[in-house]
1. Can you say whether D:I282 is under 19 Å from the mean Cα position of the chain (by Cα) and modelled with pLDDT of 95 or more, as far as the supplied structure shows?
2. Just to be sure I understand the filter: pairs with C-beta atoms under 9 Å, separated by 6 or more residues or on different chains, first member in the range C:129-149 and among the hydroxyl-bearing types (S, T, Y), second member open to solvent by 20 Å² or more (accessible area, probe 1.4 Å) and not in a loop (DSSP other than H, G, I, E, B). Which pairs pass?
3. Would you confirm, using the coordinates I've provided, whether B:V171 is open to solvent by less than 10 Å² (accessible area, probe 1.4 Å), within 14 Å of another protein chain (Cβ to nearest Cβ), of a type in the set (A, V, I, L, M) and closer than 23 Å to B:G41 by Cβ?
4. Any idea which of (1) open to solvent by 40 Å² or more (accessible area, probe 1.4 Å); (2) at pLDDT 95 or above; (3) of a type in the set (A, V, I, L, M) is the one A:A155 doesn't satisfy?
5. Exactly one condition in (1) open to solvent by 10 Å² or more (accessible area, probe 1.4 Å); (2) under 16 Å from the mean Cα position of the chain (by Cα); (3) farther than 30 Å from C:I221 by Cα is false for B:L316; which is it?
6. Answer yes or no: is there a residue in the range D:208-219 that is within 10 Å of chain C (Cβ to nearest Cβ), open to solvent by 70 Å² or more (accessible area, probe 1.4 Å) and not in a helix (DSSP H, G or I).
7. Taking the condition under 18 Å from the mean Cα position of the chain (by Cα), farther than 30 Å from D:A250 by Cβ and surrounded by fewer than 24 Cβ atoms within 10 Å (Cβ to Cβ), does D:A109 pass?
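The values are calculated or read from the model by the stated rules, or taken from the named source; none is laboratory data. Computed from a prediction, not measured in an experiment: that's the story for all the values here. Here Cβ is always computed from backbone atoms with ideal geometry, including for glycine, and neighbour counts include all displayed protein chains. Remember, those area values only see protein heavy atoms, side chains included, never the ligands or the DNA or RNA. Shrake-Rupley method; radii C 1.70, N 1.55, O 1.52, S 1.80 Å.
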Protein chains: 4
Amino acid sequence: MKKTKALNYIPGGILNASDYELLAPQFIPPDYFGYISGGSGVDKTLRLNRNAFEEYRIIPRVLCDLDQATTQIELLGQNLEHPLMLSPLAYQTLAHPEGEKATAAAAEATDTLMVASTLSSFSMEEIARRAGARKWFQLYLQPDFKDTLELIRRAKACGYRAIVLTVDAAVQLPSRTAINAGFNMPADLYPANLSRQTNDRASVSNNPSRSIFHAYAQNSINKESLKRVMEATDLPVLVKGVLHAEDAVALKQLGVSGIIVSNHGGRTLDGVPASLSMLTEIRQAVGSHFPLLFDSGIRSGQDAFKAIALGADAVLIGRLQVYALGVAGALGVAHMLKLLRQELELTMSVAGTSSIKDIQAVSLKKG
Amino acid sequence: MKKTKALNYIPGGILNASDYELLAPQFIPPDYFGYISGGSGVDKTLRLNRNAFEEYRIIPRVLCDLDQATTQIELLGQNLEHPLMLSPLAYQTLAHPEGEKATAAAAEATDTLMVASTLSSFSMEEIARRAGARKWFQLYLQPDFKDTLELIRRAKACGYRAIVLTVDAAVQLPSRTAINAGFNMPADLYPANLSRQTNDRASVSNNPSRSIFHAYAQNSINKESLKRVMEATDLPVLVKGVLHAEDAVALKQLGVSGIIVSNHGGRTLDGVPASLSMLTEIRQAVGSHFPLLFDSGIRSGQDAFKAIALGADAVLIGRLQVYALGVAGALGVAHMLKLLRQELELTMSVAGTSSIKDIQAVSLKKG
Amino acid sequence: MKKTKALNYIPGGILNASDYELLAPQFIPPDYFGYISGGSGVDKTLRLNRNAFEEYRIIPRVLCDLDQATTQIELLGQNLEHPLMLSPLAYQTLAHPEGEKATAAAAEATDTLMVASTLSSFSMEEIARRAGARKWFQLYLQPDFKDTLELIRRAKACGYRAIVLTVDAAVQLPSRTAINAGFNMPADLYPANLSRQTNDRASVSNNPSRSIFHAYAQNSINKESLKRVMEATDLPVLVKGVLHAEDAVALKQLGVSGIIVSNHGGRTLDGVPASLSMLTEIRQAVGSHFPLLFDSGIRSGQDAFKAIALGADAVLIGRLQVYALGVAGALGVAHMLKLLRQELELTMSVAGTSSIKDIQAVSLKKG
Amino acid sequence: MKKTKALNYIPGGILNASDYELLAPQFIPPDYFGYISGGSGVDKTLRLNRNAFEEYRIIPRVLCDLDQATTQIELLGQNLEHPLMLSPLAYQTLAHPEGEKATAAAAEATDTLMVASTLSSFSMEEIARRAGARKWFQLYLQPDFKDTLELIRRAKACGYRAIVLTVDAAVQLPSRTAINAGFNMPADLYPANLSRQTNDRASVSNNPSRSIFHAYAQNSINKESLKRVMEATDLPVLVKGVLHAEDAVALKQLGVSGIIVSNHGGRTLDGVPASLSMLTEIRQAVGSHFPLLFDSGIRSGQDAFKAIALGADAVLIGRLQVYALGVAGALGVAHMLKLLRQELELTMSVAGTSSIKDIQAVSLKKG
């Protein structure tokens, strides 16, 4: 592992949460930054994710009464101060030696719900010690289902309040950005939760001796395995990585507790649609009361507002958390989250909305 | 305050009013120019404001009879020679030492209605002395309503014929363009009308110790405060800063005398829609006889024609007035206004329209 | 007048008619080229004219029978070998010392109908001597109608077969391209047809002492003057410079013999729509049997095909004729016209169309 | 003929089939590369072909059962392992001395159907010896129909299983890209199948002494000649080069065995629509059971998926095969085809499709 150069203070001149994206390359080694920032292929979907937000405009309102305004929501029985959550991001020590421990501390300091990744640099128990009550565990299915069960058991034992099952990672395709930056996974980096067992999910496209279909089937999640996960725990199970409305309806019917619309931050097949472009259709398909979260592309409070207006109950912050982590550790993440929340509140004010429900009733202007 | 380098003559080679925008950087100090020219954030809305005009085309007409052609209009009981007005722009001494006094003189010389700003470098009384009968006063609500009442009283006393209440300035967000240009508000610049009382409207997003919602509510205008303003004066009260048709209807029902569709020249939340893109919808909502003005983005007589064709009764000229002011003082502003009017007349001629009403009956071509 | 550097042979490497546009700057003095190539203002309409052609696609056909294919048309009682005509372009000695005399010879050599301009460098009689039977005369109304009558009489006397009355030139606005190239009208250049009487059409926007409306009314053509022209001659009278369908209908009702859809090659108000974008609507308005010609933007036989498919009976070639003239005089113009005709025939072949009428029945693909 | 510099091994760093396009200029002489890569004119249609794929998005599916997934298809009675075929490309020795012999070997090694060109550098018999059972013969009509009959007879004799009659090559227009690269057809390159008889198809636009219509009629294929081809053989006859739905219907009615939607890789009239943009309309016109293939623009398995989803039963790979051939001969072509197939399988997996029929039932997302 290379050394990173994070500050132990918040650098001057930061106006917006998104400024951490601009600063991060000064702090994170270029190859690591290439791996973190790149999407799959030539970053088409990565760009689509960002551009999708620019297709919508928020129309300001005037003479509004914001005396009772709040960002609070209730989600799966938990009261949250705001709808900004931390996405499960793997191997955060690439950005900062404190990795997910720092992220967890920042989440706790800012009343932010964190989703810890199966592929974290620190074990879920270590992370849980820094995090507060607002924490969920992201689950990758393990080759041996007993290992999957053990992960679920441990997550429950150390206080995670929901399981987020990722279903769109049967294949992770090479990223030109990462390759061009010379990235190789550091030899001393491995998923702490999995005690050095090899994670071969990424190998699908590189192993010519196996059929792609066979490899895919091995890695992907089918209805059976989903049911087994749901039966194995009394925690709510959410599914992350849904882009098609019919899949959302099927999952709802299977009894999942919520869905996260996501294209894995543009890291699956390059060229799939922007997450945001599928959101409204999915919300219409699952109805207004089903927990629906949004992931992929959020860089500002205004983005969060737009995703909520288009159908999300809450949004997950992906790359921005590791950018802030790389710049200034826990302090950076906490600062970034504070700015993001202020941006959301400001956008709500300008739009004359007093609650997250109010945002969901807003019609954005196209174009 | 830095010195500006305005000429005392009209420079050669100016063909169009918009040429003053190109020349201004040679005359106004770069940091001041950054503050004047920049929008909020990264200037998204600023660009949208300009691009919106390019979405429409004026179809020329032939064999028209223009013998009785005129640009005259009647607005709130005042007869105006033309529908081009000067927008309220703060602190015009940043562009020229004579500031609003020069602007007022130019307005008077060209039969142009001027809207003086609460935040003018010179007092409204000084400005009024240079201006003719065509002058309105732009009002920012003051923390203490007594101060607001005093501003209204003074405006009436020195001959302003209408009050323009700005409602979209509860928050003014930092401008990257201004920051990158190194702009700081000069210590010796303060609103002459307000006798050095601090104006803290701009602080919302920078003060982390207050809730955004609370700060916003403090600075924004609600129906109560609007009603108090209307009750405090027998002058017509127009509201400036409306972008949503429902707000326009609500304001009309509250009894305001007119509405100015505006996004504050792209200086509020970055990313809100172009003013022009909301105009037609708002005109349809308030009906054809309600006084509706347009602001944000006008750079030519052809732009003015388009805004009128899309629903405006008159248009306000913003940045262009300070650019011309910076280039050649009162002379520059007068020249710019003359060119703008000629451009409007020429466009009316080509379009075969004999009056402002005729323009309003024109269908622009999209695309 | 500066010397031009035209070749007396056709340069190698020319594949398409449009190559003359690429070569012309090597032969025509830069300031003259700026004047010829520029549109008004900042060339918005000039670009729109060109881009409009790219919005349409011709779908190839196969297994077609082209044995009887022809480009011949009948227009106002004249049989023409092809629908490609030369637009009236002023002062062609700017491009070549032989000017319109060379153009006329090239038109005759290629069976091309030529429209001679009122503002030609050589008199209409001199031009007529080089041209064949296929020649029309373009008329600008003169301040004194007697002078107009005299022009019409002379045109008839020397064999022009139709009068093309230009109605969109009441104002010609300054061109940035021409100004930036340093263009000034050479002192020794004047309209040979008009015996040194000053032509003040271009002065509208530069004379601040007159009202724009008044100046425009003086220069523009109204229904009365059109009727007087029609009554003064038994030649067919076409009107050039129409972009609005209602104007086309009105002109048809007034009894004109044909209409030329044109925006004067982007030389009137900058920002008016592309000629091509108005064509179909105008054709629909005047019906399928009324003579309708197209001008502004043609650079290839494929362009000509598209204009015809969108409603034109024939098309006028503007700048390309003076570009070819500047490169290689009469030879260049003739070569350019031959290439253009070959391109048209090739496009007709690929599209499976055997006649100009066939083209008019084709549906172009949008986008 | 210039020497090419092909490797006899697969170069490192190739992730996708399309990487061969990026590498090819290092191996193929620049003038040859210009000829191969260029379209006609200024490559408008070439770009349209590529851009058309970017207008569609594949929406990922989750929880799918891919146990029985296969790329197999049946086409004209032949069972194919996958729907990726090799387009007929002329003169492949420009890219590699082994030319079509290497391509044929690679096709056989990867279970790929190959279409050999009339204009191949090696005779169809030589090619047939390297190819397996999956081979078709592309036919250009010869000036003397006896020669055409002889080609058909030989094709049948050496095992080609279908005739692909190309109908869009009556004219091949000059390519600026080829000309700018200095390309001239090497003197020692001639179509081996035709024993040095001159092929004058390309001369249409360069011979000013003949009428374009006449030349076109000579070179093009009419219904009579198509019928004579069909009557001359019991092999299935497909027609390549169709872009218009009405032509497709007419061809189906004439009894052809299949149609290949193609614009000859952008090598006919520059500016015709993208092949992909016409595909769905043509499929709708011919019905779901008629063999319809797609050609022009495929660079990846995802492209192939999109073409199939829009209506194709199989797709033809054009330039990519000679790029791979130029880089590493038969090995390169085989590797490219393997990657392409893996990309297709991966895309099918992500899209939750188990068969080519499944793909055809997918709705792509526009934009």
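1. yes
2. The qualifying pairs are C:Y140/C:R201; C:T148/C:R228.
3. Yes, satisfied.
4. So A:A155 meets the others, but not (1).
5. That leaves (1) as the condition not met.
6. Within the range D:208-219, one or more residues are within 10 Å of chain C (Cβ to nearest Cβ), open to solvent by 70 Å² or more (accessible area, probe 1.4 Å) and not in a helix (DSSP H, G or I).
7. Spelling it out, it is not the case that D:A109 is under 18 Å from the mean Cα position of the chain (by Cα), farther than 30 Å from D:A250 by Cβ and surrounded by fewer than 24 Cβ atoms within 10 Å (Cβ to Cβ).
Residues are listed down the side, and each one gets a yes or a no for (1) open to solvent by less than 20 Å² (accessible area, probe 1.4 Å); (2) without any contact (Cβ under 8 Å) to a residue 60 or more places away in the chain:
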| site | (1), (2) |
| --- | --- |
| C:L46 | no, no |
| C:F53 | yes, no |
| C:T71 | yes, no |
| C:N79 | no, yes |
| C:A95 | yes, no |
| C:E98 | no, no |
| C:A102 | yes, no |
